[in-house]
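The values are calculated or read from the model by the stated rules, or taken from the named source; none is laboratory data. All figures in this text were calculated on a predicted structure; none of them were measured in a lab. Using ideal geometry, Cβ is built from the backbone for each residue, glycine included, and neighbour counts are taken over all protein chains shown. Each accessible area value is taken on the protein alone, full model and side chains, heavy atoms only, with ligands, DNA and RNA left out. Shrake-Rupley method; radii C 1.70, N 1.55, O 1.52, S 1.80 Å.
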Amino acid sequence: MATGTGLGRPRSLPALPLVGSLLQLAGHPQLHLRLWRLQGHYGSLYALWMGSHYVVVVNSYRHAREVLLKKGKDFAGRPRTVTTDLLSRGGKDIAFASYGPLWKFQRKLVHTALSMFGEGSLALERIICREAASLCETLSAAQDTALDMAPELTRAVTNVVCSLCFNSSYRRGDPEFEAMLEYSQGIVDTVAKESLVDIFPWLQIFPNKDLALLKKCLQVRDQLLQQKFTEHKEAFCGDTVKDLMDALLQVRLSAENSSPPEPGLELTDDHLLMTVGDIFGAGVETTTTVLKWAVLYLLHYPEIQRKIQEEMDHKIGLVRHPHLSDRPLLPYLEATISEVLRIRPVSPLLIPHVSLTDTSIGEYSIPKGARVIINLWSVHHDEKEWDKPEEFNPGRFLDERGQHIHSPSPSYLPFGAGIRVCLGKVLAKMELFLFLAWVLQRFTLECPEDQPLPSLEGKFGVVLQVQKFQVKARLREAWRAAS
Ligand code: HEM
Ligand code: PLO
């Protein structure tokens, strides 16, 4: 197709009126895999129609970098969809908000608050270590029995973000925590999955099981967020800022006091609530998911687990706990985390981007308003970039002497890149390192004898979910002897 720029459009999947290219996608619940395989026929950059939406699918790192970095501003928009509008009250958060001054302001605020409370601060390290110690205690108590680690990992990670956002935490069995587990799962199962209701918004008027579940879960989440918000508002005196919620309240207070208020930068209650909701939701679901994938891969590759433990025994020993400053001492553990993030990207299609202007990718013209899906799965499994991409091999992230970690290919973007890069990258990496180091210093994780090795297949959604599995956490002999 010729366009005003003289460039042609990317090749498109066949499309029918109204439904677009859905016939090619229907019956493939693992959308990232379907879009990856379609490259065989259409090339690495192709287009399709989801109902009336023109969608461009990017499967190579060269084009992904052009979209995210080189032309980041051209592609910094987000689509509005029924489910993400419900989740974010019409895009009043950060992740699902379109590009604009208010989004920039919110992002900057959170960035500053996170660096103030967290990244680089000893206080945050202390919080993560407190949760790691509690996680280890629970594992100790359950010793040698088959255990579903998911709720324990979730509680540990939740308590870190809970401390950051609300200066509070949950005990085991806390009913509020149980409610959170349930609503969050419901949201992950139903939101932003390129589901039919997002493609055909008019489907909302018909009874829809997923939409009903999403609304019910959001009601519970909103009640919980509102309660925290009210408590903070009542206790806030403007001087001491204990957490992210206080930081947001303080910024609003000073904006109200500076007259006239800056046009376009008014933060309503909804903006504050949705921003904290994003950080809380992203903070919990992403990091927990990576920890589950890491544990699952360690069950499949006991020799890799052993190598991490040998490195730890050698560099840290068994008389003290791991600290963040140990990161350079444990390159094999760091490489394992990098490999987990490569082989099972948490966000396999990122969050869709939208072109804010007529622009181009490579030699193709892209019209304003196109949705751009970056298929991170394809970028991380590209055979031209990765040797045996389906093989779990942390060693590929190490230099020849095994002492420094580096990516052997630029085709690696687990946190995205550019204007919309993940806001929690530093926090997530701190947590992944400390939680895994603490657990592996003390325990060997094994598959219970009477059970088959759990599946490594993910379940596509807003995050690439791990199927339920059980683990036996055996206290290491070396640890037992040392303590
Ligand atoms: C966005 C990955 C943890 C907050 C993203 C994106 C990815 C990502 C791929 C989308 C980038 C894009 O659309 O181009 C991850 C991974 C994590 C993680 C792999 C854990 C290992 C976190 C944590 C937080 C967080 C702990 C909060 C503290 C966000 C936010 C956005 C985002 C707010 C939206 C940014 C925007 O649209 O401007 N993340 N994330 N993430 N992440 Fe994370
Ligand atoms: C996870 C379920 C929560 O209940 C709500 C929520 C908020 C922010 C979302 C997060 C969910 C999923 C992961 C997302 C995050 C914002 C950025 C992050 C989409 C839906 C990623 C990986 O892009």
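With respect to V276, is the statement that it is within 16 Å of ligand 2 (Cβ to nearest atom), under 30 Å from V241 (Cβ atoms) and aliphatic (A, V, I, L, M) true? Yes; evaluated as a whole, the condition is true for this residue. Taken over segment 87-110, the criterion of being assigned to a helix (DSSP H, G or I) and either away from ligand 2 (no atom under 11 Å from the Cβ) or touching a Cys at 6+ places or on another chain (Cβ under 8 Å) (or both) is satisfied by P101, L102, W103, K104, F105, Q106, R107, K108, L109, V110. Of all the numbered requirements in (1) among the β-branched types (V, I, T); (2) outside any loop (DSSP other than H, G, I, E, B); (3) away from ligand 2 (no atom under 16 Å from the Cβ), T145 misses one, and that requirement is (2). Highlighted here are the strands (runs of 3 or more DSSP E) found entirely within segment 347-461 that include at least 2 residues which are touching a His at 6+ places or on another chain (Cβ under 8 Å): 371-374.
Among K429, K425, which is the only one that is surrounded by fewer than 18 Cβ atoms within 10 Å (Cβ to Cβ) and within 15 Å of ligand 2 (Cβ to nearest atom)?
On the way: K429 fails: surrounded by fewer than 18 Cβ atoms within 10 Å (Cβ to Cβ).
Exactly one of K429, K425 is surrounded by fewer than 18 Cβ atoms within 10 Å (Cβ to Cβ) and within 15 Å of ligand 2 (Cβ to nearest atom), namely K425.
Got at least one residue in segment 20-35 being open to solvent by less than 50 Å² (accessible area, probe 1.4 Å), in a loop (DSSP other than H, G, I, E, B) and in contact (Cβ under 8 Å) with a residue 40 or more places away in the chain? Break it down into steps so the answer makes sense when it comes.
Our first condition is that a residue be open to solvent by less than 50 Å² (accessible area, probe 1.4 Å); within segment 20-35, this holds for 20-22, 24-25, 30-33, 35.
Now drop any that are not in a loop (DSSP other than H, G, I, E, B), which leaves 21, 30.
With the extra rule that they be in contact (Cβ under 8 Å) with a residue 40 or more places away in the chain, the set shrinks to 30.
Yes, segment 20-35 contains at least one residue that is open to solvent by less than 50 Å² (accessible area, probe 1.4 Å), in a loop (DSSP other than H, G, I, E, B) and in contact (Cβ under 8 Å) with a residue 40 or more places away in the chain.
Mind checking which residues of segment 312-346 are part of a loop (DSSP other than H, G, I, E, B) and closer than 30 Å to I373 by Cα? Before the answer, list the steps.
Our first condition is that a residue be part of a loop (DSSP other than H, G, I, E, B); within segment 312-346, this holds for 316-323, 330, 344-346.
The answer is R344, P345, V346.
L225: buried (at least 19 other Cβ atoms within 10 Å of the Cβ) and either among the hydrophobic types (A, V, I, L, M, F, W, C) or part of a loop (DSSP other than H, G, I, E, B) (or both), yes or no?
On the way: buried (at least 19 other Cβ atoms within 10 Å of the Cβ): yes; either among the hydrophobic types (A, V, I, L, M, F, W, C) or part of a loop (DSSP other than H, G, I, E, B) (or both): yes.
Criteria met by L225.
Scanning segment 403-422 for residues that are open to solvent by 20 Å² or more (accessible area, probe 1.4 Å), within 29 Å of I128 (Cα to Cα) and touching a Phe, Trp or Tyr at 6+ places or on another chain (Cβ under 9 Å) yields I405, H406, S407, Y412, G418, I419, R420, V421, C422. The single residue among A95, A150 that is within 29 Å of D270 (Cβ to Cβ), within 19 Å of the chain's Cα centre (by Cα) and touching a residue at least 40 places away in the same chain (Cβ under 8 Å) turns out to be A95. When E400, E385 are screened for being surrounded by fewer than 23 Cβ atoms within 10 Å (Cβ to Cβ), closer than 24 Å to F460 by Cβ and of a type in the set (D, E, K, R), only E385 passes.
Residues in segment 312-329 that are within 24 Å of A428 (Cβ to Cβ), of a type in the set (D, E, K, R) and free of Cβ contacts under 8 Å to residues at least 24 places away in the same chain: K315 only.
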